[in-house]
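What follows is one structure encoded as structure tokens, with my remarks underneath.
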Amino acid sequence: MFGTFTSVILTVSMTLLWGTAGIAAAILPYASTNRSLTRKRTFLLWVAGAALLLSAVWYVTIILQCIKSGWLFVEGTVKTLIPLTLIPQGYIALTVLPRLKGLRDSGEEPPAQAALQAAAQPSVSLSFYAAALASGLSAHSFVFAQPVLPGPAEIAQRFVLVTLLLLVPAIFARRRYLKVMRGEALRRSLAARLLNVISAGILTAIVAIVILVSHVLAGVQASKLPEASDMMNHDWIDEGGGAATRMSGGSDHHPSHHANHQADTVEVAALTGNITDPADVTFEIVAQKKKVALASGAVIDAWTYNGEIAPELRVKQGDIVEVKLINQDIESGVTIHWHGYNVPNAMDGVPGMTQNVVKPGQSFVYKFRAEQEGTYWFHSHQQAAEQVVKGLFGILIVEPEQETETYDEQVTVINHRWKTDQGYRKAFGSRDEWQWKQVQLGKTVKLRIINAHNLSEKYLLQGTDFRIASIDGVRIQDPQPLSDQTAFRLGSGGRYDVVFTMPDRPVFLKLGEARNESNPGIVFYTDSPPEKPVLQAESAMFDPSDYGQPVVNAVTAASQFDREFLMILGNEMGFYNGMFHFLWTINGEVYPRVPTFVVQEGDLVKTTFVNKSLAEHPMHLHGHHMTVLKKNGEKVNTPWLTDTLNVMPGESYEVAFVADNPGMWMDHCHNLDHAATGMVLHLMYDHVRPSYEVGTRSGNLPD
Ligand SMILES: [Cu+2]
């Protein structure tokens, strides 16, 4: 992000300049003549002036960032770092520099005692050192740990650190000052001066190392995951500013404004929905290891459902669907999570939260009514960062009860990145090369595109106008045609249905950049198959915030919300489960220290995502679709429904949902590597009680 980069450059430069000023100030009283004292002090004034100027530039960039992106992007900086740098700088500008200006004399006589005393004042060198340390800590924060939602403890922390690090220089400065006061000459030989500097440096380094080591040991300890947890830690809950819930002991005994809230508590395992009717359609899925060859011949050691790459389950809306999952040989165990499909909680497939993981030789039956039509997918939620990447995923298509539009051809495209014996290969399913499909002139083609890769992907569809008919399984009303120079981007886990009418020339679908030779694509042709095409770079990017008609549902930007949650996405260097990691954080924390969002059934809930970090985060809420209301603080023209919202660095979104599906739900980044190191929180209905436990004791490891 540009703001972060600028801040790093400026604060590092400030550190160097203030540090130089500090050293220049420390050697001031060593001057042997008036001329030398004046020269040293002039140098110091110039360096300090430059440092003040740079600092002012930094403050201006922060103000500009606040105006451009919003207060939430700068709040942590303003509350923790600005006071830290501003206090010593203010002191320098208002009292130290005016004092130094007065030290001006020429000639080769030794400086007057009064001048030496003024120069040796400990406050002179210490204020420059404090400014250097404050700038250095700011630089460190921007690179390793951007402050997010700081409380008083976090605000005080850095002040204490600066004070501790100033102890050694303070002792040396005081010793110098007392000597000057007594009229003794400061040691002037170069060797003695060097020895002085080196011993001060070593002592300060020892203080710094002691602080660092204790910080690391505490961090390692605090980050260790419990052997068993039922996610009911009452210390880490967030009620979104709404009415007190049962989780905080609030409304256990007196009914709230929600009528259904007087109901008794319910266990997750009982939240199956009504599935007493016999199944209309049944499937058996066997999780198994399998060597699979891609179209190019490259081989993957895949972990699969039914030995296939992305098997497709196709059902009809309204059907009761029964899926029996059998684990053949995946040692760590598997589950099936129906991504974006709002099943009852007990069918959600999250190990340790909604079921126990299915170990080899075991099975689990998922049964739910297919209420929503559209394009969905499913994947294991046990150690997903490993299992999904290796292939434990498939496609779920729910055909509408009443088809309002007809399609002559349907093509499902699920893209993934495979680790093969010849390196990484991107593919549509197992097709890692171009493929050719014949379609009759004038026929309507529906592409169901699913991004099963950990990162967002760009798609080009050239040769015809097209419409984006659905986002994340939900139809767009009146989607207008898009020119074939429009590209579109799907976050990890996201889906678009794209529709076009076959023209009398070929149509090309391609993954990624136009010039990228290695990515897969599809050529649609009418008569004779054309050559592999050369595509053009797009001239526009599809924007769902201004497309079709706004979705009509219960929430709008003007709604009265019962709870409002904030998720600031950041990054820092830190510890996860006792190991040093580059962390992706939510509100400055990683699981399990990210507070659980607690709601009551029926609540209207708003969540604000703010991405301060250096990477995109596809935020995925289980069990609910979110209505996107605002982007970067502005109301979107066409609110749309999504289950996986890709938030780019520097972006903010406001989304809302109705809490109408009781349970314990994951709310996490669908870059599964991010989730695996803690970019996860939970949405908890306050009357729901756990049935399972997470951790190494049970083997339920739900990332
Ligand atoms: Cu992420």
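The values are calculated or read from the model by the stated rules, or taken from the named source; none is laboratory data. Just so you know, these numbers come straight off a predicted model, no measurement behind them. Heads up, the Cβs are rebuilt from the backbone with ideal geometry, glycines too, and the neighbour counts pull from every protein chain shown. Ligands, DNA and RNA are excluded from the accessible area calculation, which covers all protein heavy atoms including side chains. Shrake-Rupley method; radii C 1.70, N 1.55, O 1.52, S 1.80 Å.
So which residues in the stretch 586-629 are within 15 Å of the ligand (Cβ to nearest atom) and among the polar types (S, T, N, Q), if there are any at all?
Answer for the stretch 586-629, where residues must be within 15 Å of the ligand (Cβ to nearest atom) and among the polar types (S, T, N, Q): Asn587, Asn611, Ser613.
Of the conditions (1) open to solvent by less than 10 Å² (accessible area, probe 1.4 Å); (2) touching a residue at least 60 places away in the same chain (Cβ under 8 Å), Gln480 clears all except one; give me its number.
Condition not satisfied by Gln480: (1).
Could you say whether any residue in the stretch 660-681 is assigned to a strand (DSSP E or B), in contact with a Ser or Thr (Cβ under 6 Å, 6 or more places away or on another chain), open to solvent by less than 20 Å² (accessible area, probe 1.4 Å) and away from the ligand (no atom under 12 Å from the Cβ)?
no
If the Cβ limit is 8 Å and pairs must be 6+ apart or interchain, which residue in the stretch 556-584 that is touching a residue at least 40 places away in the same chain (Cβ under 8 Å) and of a type in the set (A, V, I, L, M) pairs with which residue that is assigned to a loop (DSSP other than H, G, I, E, B) and more than 16 Å from the ligand (Cβ to nearest atom)?
Hits for this filter: Leu566/Leu149; Ile568/Leu149.
Which residues, taken from the stretch 180-189, are closer than 23 Å to Tyr129 by Cβ and either of a type in the set (Asp, Glu) or surrounded by 15 or more Cβ atoms within 10 Å (Cβ to Cβ) (or both)? Talk me through it step by step, then tell me what you get.
Taking the stretch 180-189 and keeping what is closer than 23 Å to Tyr129 by Cβ, we get 180-181, 186-188.
Correct list: Val180, Leu186.
In the list Ala310, Ala302, which residue meets the criterion of being assigned to a loop (DSSP other than H, G, I, E, B), modelled with pLDDT of 95 or more and of a type outside the set (D, E, K, R)?
The unique qualifying residue is Ala310.
How many residues does the stretch 548-565 contain that are surrounded by 20 or more Cβ atoms within 10 Å (Cβ to Cβ) and either assigned to a strand (DSSP E or B) or of a type in the set (Phe, Trp, Tyr) (or both)?
Of the residues in that region, 2 qualify.
Being open to solvent by 30 Å² or more (accessible area, probe 1.4 Å), polar (S, T, N, Q) and touching a helix residue (DSSP H, G or I) at 6+ places or on another chain (Cβ under 8 Å) is the requirement here; does Asn637 meet it? If you could, list the steps in order and put the result at the bottom.
On the way: open to solvent by 30 Å² or more (accessible area, probe 1.4 Å): yes; polar (S, T, N, Q): yes; touching a helix residue (DSSP H, G or I) at 6+ places or on another chain (Cβ under 8 Å): yes.
Yes: the conditions hold for Asn637.
Name the one entry in Thr464, Thr404, Thr412 that is within 19 Å of Arg489 (Cα to Cα) and in a loop (DSSP other than H, G, I, E, B).
Checking each option against the conditions leaves just Thr464.
Filter the stretch 79-124 down to residues that are within 49 Å of the chain's Cα centre (by Cα) and open to solvent by 50 Å² or more (accessible area, probe 1.4 Å), then give me how many there are.
The number of residues fulfilling the criteria is 9.
Give just the number: which of (1) open to solvent by 20 Å² or more (accessible area, probe 1.4 Å); (2) farther than 30 Å from Leu569 by Cβ does Ser69 not satisfy?
Answer for Ser69: the failing condition is (2).
Give just the number: which of (1) open to solvent by less than 20 Å² (accessible area, probe 1.4 Å); (2) modelled with pLDDT of 90 or more; (3) away from the ligand (no atom under 12 Å from the Cβ) does Leu583 not satisfy?
Unmet condition: (3).
Looking for something touching a helix residue (DSSP H, G or I) at 6+ places or on another chain (Cβ under 9 Å), within 16 Å of the ligand (Cβ to nearest atom) and at pLDDT 90 or above - is there at least one such residue anywhere in the stretch 558-567?
Within the stretch 558-567 (the criterion being touching a helix residue (DSSP H, G or I) at 6+ places or on another chain (Cβ under 9 Å), within 16 Å of the ligand (Cβ to nearest atom) and at pLDDT 90 or above), the answer is no, since none of the residues qualifies.
Considering each residue of the stretch 316-341, count those that are of a type in the set (A, V, I, L, M) and open to solvent by 10 Å² or more (accessible area, probe 1.4 Å), and give that number.
The qualifying residues number 1.
Check the stretch 644-653 and report whether any residue there is more than 24 Å from Lys68 (Cβ to Cβ) and either open to solvent by 20 Å² or more (accessible area, probe 1.4 Å) or in contact with a helix residue (DSSP H, G or I) (Cβ under 9 Å, 6 or more places away or on another chain) (or both).
no
Let's see how each residue does on (1) in a helix (DSSP H, G or I); (2) open to solvent by 50 Å² or more (accessible area, probe 1.4 Å); (3) charged (D, E, K, R):
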residue: Glu154; (1), (2), (3): yes, yes, yes
residue: Val168; (1), (2), (3): yes, no, no
residue: Leu178; (1), (2), (3): yes, yes, no
residue: Ala191; (1), (2), (3): yes, yes, no
residue: Ala200; (1), (2), (3): yes, no, no
residue: Leu203; (1), (2), (3): yes, yes, no
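Yes or no: the stretch 639-653 includes at least one residue that is over 30 Å from Lys390 (Cα atoms), away from the ligand (no atom under 16 Å from the Cβ) and either assigned by TED's automatic domain parsing to the domain that holds His379 or free of Cβ contacts under 8 Å to residues at least 60 places away in the same chain (or both).
For the stretch 639-653, residues over 30 Å from Lys390 (Cα atoms), away from the ligand (no atom under 16 Å from the Cβ) and either assigned by TED's automatic domain parsing to the domain that holds His379 or free of Cβ contacts under 8 Å to residues at least 60 places away in the same chain (or both): absent.
Kindly indicate whether any position in the stretch 525-544 is small (Gly, Ala, Ser), touching a strand residue (DSSP E or B) at 6+ places or on another chain (Cβ under 6 Å) and within 28 Å of Met626 (Cβ to Cβ).
yes
Identify the single condition in (1) open to solvent by 10 Å² or more (accessible area, probe 1.4 Å); (2) at pLDDT 95 or above; (3) within 24 Å of Met619 (Cβ to Cβ) that His381 does not satisfy, given that it satisfies every other one.
Exception for His381: condition (1).
Within the stretch 606-621, can one find any residue that is over 20 Å from the mean Cα position of the chain (by Cα) and either closer than 28 Å to Ala269 by Cα or open to solvent by less than 10 Å² (accessible area, probe 1.4 Å) (or both)?
No, the conditions are met nowhere in the stretch 606-621.
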